[in-house]
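Report on the structure given below.
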Amino acid sequence: MQFKNFTILTKTASVVCSVTAALVVSLAFISHSFVNHRFTELEEKDARIQVQRVATEIKKALQKVEASTKDYAPWDDTYRFVQEGHSSYIEDHMPDATFVNLHLNFMLFFNDKGQLVRQKFFDLSGSKEVEMDNEVLNTILDAPPLMIHSSQDAHAHISGILVTPSGKLLLVAAAPIVTSKFEGPIRGTLIMGHCLDETEISRINADYPFSLRLHPYQKMAMALPAENIREKNLLSQGTYVLPLNDRTIVGYAVLPDVMGKPAVTIEVMQERELFQQGLTMWKQFATTLAILGFVFIVLMLILLNRFILQKLIKVTNEVDRIVETGNQDLRLTVRGNDEIDHLTERINSMLEGLKQSQTLQEENENYLKVLLDSINCGVMVINANDRLVTDINKAGTSMLKWTKEEVVGQLCHQFICPQEKDNCPILDHGKVIELSERLMLRSDGSALSVLKSVTLVERGGKDYLIESFIDIGKLREAQRALENSEAKYRLFFEEDLTSNFIKIGRHTSELQSLSRISYAVFCLKRGGGGG
């Protein structure tokens, strides 16, 4: 019983734990997917914003260079300087303070023939003039749009980014040199520029909580996987964000040069603080969910054990007690009005019905036993499947001189037709026997001549043979005595009627007895014949 109880509790606990665990895991997985997706979206959006901020800062710096260029190029002093080359212009308008204030690294003056007539390079970090950078100059000369002195538009101007072969990033602006009233003819082109070096990058990065790096587009395109730059087409998208891991996210943007080709890749790398906060919140949620799941399992098991399992166990124990004791008067205890109590009532009703059915069956069996024992002829019941005797009445045991215990459970051919073992007309050949003269064996081994009939019946899904028989040995002797007497008196009447007639009186009673026996034999013969 303890094993059964343990099995019920174990199965119930397994089902509750499995379902609850599956639910908790599913909710945790779904919430993690939601947090990961949602917070990643927010961080990607923030990273795009940061990239755009950097791009805006670079554009502002470029606009500042462009504004300075547009201020110096349409000026009478600049117009005369390019035409006549006065040194006073250099002293008055190109001092070191001008480069510092305008945040410039170089000024280049080209005449209307495209010849460099004056240049000045300045190191902002050292606040001093430096020698001309030929790499910068050649890069500018290789950008035809900057040479706009041949343009007929006095208001024309151009600005953008250039990248030197060594990877220097330049913010340049060009405007035609005309008079202050934008009158010509155009005397040349003024180009101003600012170098995006590490100092400038650090200045831009100082105001933002991320790591900023600027790369020449070609070098970055070679370093990154093809799908990040080429297939994603960053130039048309504007920005591209890629989470590197759970703690770092990087955003990219590409800026074009003065010729419209990709020039600079902006790389912004920042900590995924928002995602980490969301992950921390999810961990807290998952922990809370697991605790609630555990509490739910415990409460569910307690309630199931209290209101269902204990009642089922009690019903099982009481049923087992009824089975073990065999006491049909015991009944299950009904304590409530739920389905289990309803089941208990139905079990009690079933037990009551079984008791009444068994009582009726016992009464029927007792009635049949009394009826069977009251019959003067012998009756034997045989199992048709194994041919074992299952019952015999008193008349049968009296004829065979066996006790009932000695007959029941034995093979029928030990008592009936021993010579027909394995050759039974009914069981082996399917014949129908109504009345047949057969031999039976008594306990002393002597043969008993009987007249028997056999009936095949079915009970409880099994076939039985009902063998009924009577002793015809005494009838045979009486018949032979009658035949002898008939022959004797026939002879008497035919040959010696007068001399022996006086002896008739002495044999009157004998004739009466013989007549009764003869009538019994006649009746038997009319009832059926031998087989």
What is the one condition in (1) in contact with a Lys or Arg (Cβ under 9 Å, 6 or more places away or on another chain); (2) touching a residue at least 40 places away in the same chain (Cβ under 8 Å) that MET300 does not satisfy? (1)
Can you find, within the stretch 327-351, the residue that is surrounded by the most Cβ atoms within 10 Å (Cβ to Cβ) among those that are of a type in the set (D, E, K, R) and part of a helix (DSSP H, G or I)? ASP341
Condition broken by ASP391, with the remaining ones in (1) open to solvent by less than 40 Å² (accessible area, probe 1.4 Å); (2) touching a residue at least 12 places away in the same chain (Cβ under 8 Å) satisfied: (1)
Flag for ARG53 being basic (Lys, Arg), in contact with a Ser or Thr (Cβ under 7 Å, 6 or more places away or on another chain) and open to solvent by 20 Å² or more (accessible area, probe 1.4 Å): no
Name the residues in the stretch 236-270 that are modelled with pLDDT of 90 or more and part of a loop (DSSP other than H, G, I, E, B), would you? VAL258
When you scan the stretch 467-480, how many residues do you find that are open to solvent by less than 50 Å² (accessible area, probe 1.4 Å) and either in contact with a Cys (Cβ under 6 Å, 6 or more places away or on another chain) or closer than 15 Å to MET440 by Cα (or both)? 5
Being modelled with pLDDT of 90 or more, under 21 Å from MET147 (Cβ atoms), aliphatic (A, V, I, L, M) and assigned to a helix (DSSP H, G or I) is true for just one of ALA67, ALA21. Which residue is that? ALA67
The strands (runs of 3 or more DSSP E) lying wholly within the stretch 111-207 that contain at least 2 residues that are under 30 Å from THR56 (Cβ atoms) and open to solvent by less than 70 Å² (accessible area, probe 1.4 Å) are 116-123, 158-163, 169-177, 188-195
Just name the residue that is nearest to GLY193 (Cα to Cα) out of those in the stretch 99-132 that are modelled with pLDDT under 90 and touching a Ser or Thr at 6+ places or on another chain (Cβ under 9 Å). SER125
For the stretch 420-438, pairs from a residue that is part of a loop (DSSP other than H, G, I, E, B) and at pLDDT 70 or above to a residue that is open to solvent by 70 Å² or more (accessible area, probe 1.4 Å) and not aliphatic (A, V, I, L, M), with Cβ under 6 Å and 6 or more apart or across chains, are PRO425/LYS431
Tally of residues being over 30 Å from VAL334 (Cβ atoms) and open to solvent by 60 Å² or more (accessible area, probe 1.4 Å) across the stretch 270-319: 16
Residues of the stretch 450-481 classified as assigned to a strand (DSSP E or B) and either at pLDDT below 80 or of a type in the set (Val, Ile, Thr) (or both), total: 6
By residue number, the members of the stretch 394-451 that are on the phi > 0 side of the Ramachandran plot and crowded, with 16+ Cβ neighbours inside 10 Å are CYS417
Could you list all residues from the stretch 394-419 that are among the acidic types (Asp, Glu) and either in contact (Cβ under 8 Å) with a residue 12 or more places away in the chain or under 23 Å from GLY461 (Cα atoms) (or both)? GLU406
Just to be sure I understand the filter: pairs with C-beta atoms under 8 Å, separated by 6 or more residues or on different chains, first member in the stretch 42-60 and more than 13 Å from ILE201 (Cα to Cα), second member in a helix (DSSP H, G or I) and at pLDDT below 90. Which pairs pass? LEU42/LEU274; GLU43/LEU274; GLU43/PHE275; ASP46/LEU274
Could you grab the pairs with beta carbons closer than 9 Å, sequence gap of 6+ or different chains, first residue in the stretch 175-197 and on the phi > 0 side of the Ramachandran plot, second one part of a strand (DSSP E or B) and open to solvent by 10 Å² or more (accessible area, probe 1.4 Å)? PHE182/PRO74; GLY188/ASN111; GLY188/VAL117
How many residues does the stretch 314-345 contain that are closer than 20 Å to ILE8 by Cβ and not β-branched (Val, Ile, Thr)? 14
Quick test for you: out of ALA263, ALA253, pick the one residue that is in contact with an Asp or Glu (Cβ under 7 Å, 6 or more places away or on another chain), closer than 30 Å to ILE140 by Cα and of a type in the set (A, V, I, L, M). ALA263
All positions within the stretch 85-108 that are touching a Phe, Trp or Tyr at 6+ places or on another chain (Cβ under 7 Å) and of a type outside the set (D, E, K, R): TYR89, PHE99, LEU104, ASN105, PHE106
Residues of the stretch 99-110 being open to solvent by less than 20 Å² (accessible area, probe 1.4 Å) and farther than 13 Å from LEU137 by Cα, in sequence order, are PHE99, LEU104
Restricting attention to the stretch 358-388, and to residues there that are hydroxyl-bearing (Ser, Thr, Tyr) and surrounded by fewer than 11 Cβ atoms within 10 Å (Cβ to Cβ), which single residue is farthest from the chain's Cα centre (by Cα)? SER374
Looking at the structure I just gave you, is THR78 over 49 Å from the mean Cα position of the chain (by Cα), at negative phi, open to solvent by less than 30 Å² (accessible area, probe 1.4 Å) and modelled with pLDDT of 90 or more? yes
Residue count, the stretch 377-388, condition in contact (Cβ under 8 Å) with a residue 24 or more places away in the chain and assigned to a loop (DSSP other than H, G, I, E, B), comes to 4
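Okay, residues lined up against (1) small (Gly, Ala, Ser); (2) loosely packed, with under 14 Cβ neighbours inside 10 Å; (3) touching a Leu at 6+ places or on another chain (Cβ under 7 Å); (4) touching a residue at least 60 places away in the same chain (Cβ under 8 Å):
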site	(1), (2), (3), (4)
THR12	no, no, yes, yes
VAL15	no, yes, no, no
SER26	yes, yes, no, no
PHE29	no, yes, no, no
HIS86	no, yes, no, no
GLU91	no, yes, no, no
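The values are calculated or read from the model by the stated rules, or taken from the named source; none is laboratory data. The structure displayed is predicted, hence computed values, not measured ones. All Cβ positions, glycine included, derive from the backbone under ideal geometry; neighbour counts span all protein chains shown. Quick note on the areas: whole protein, heavy atoms, side chains included, nothing else; ligands and nucleic acids left out. Shrake-Rupley method; radii C 1.70, N 1.55, O 1.52, S 1.80 Å.
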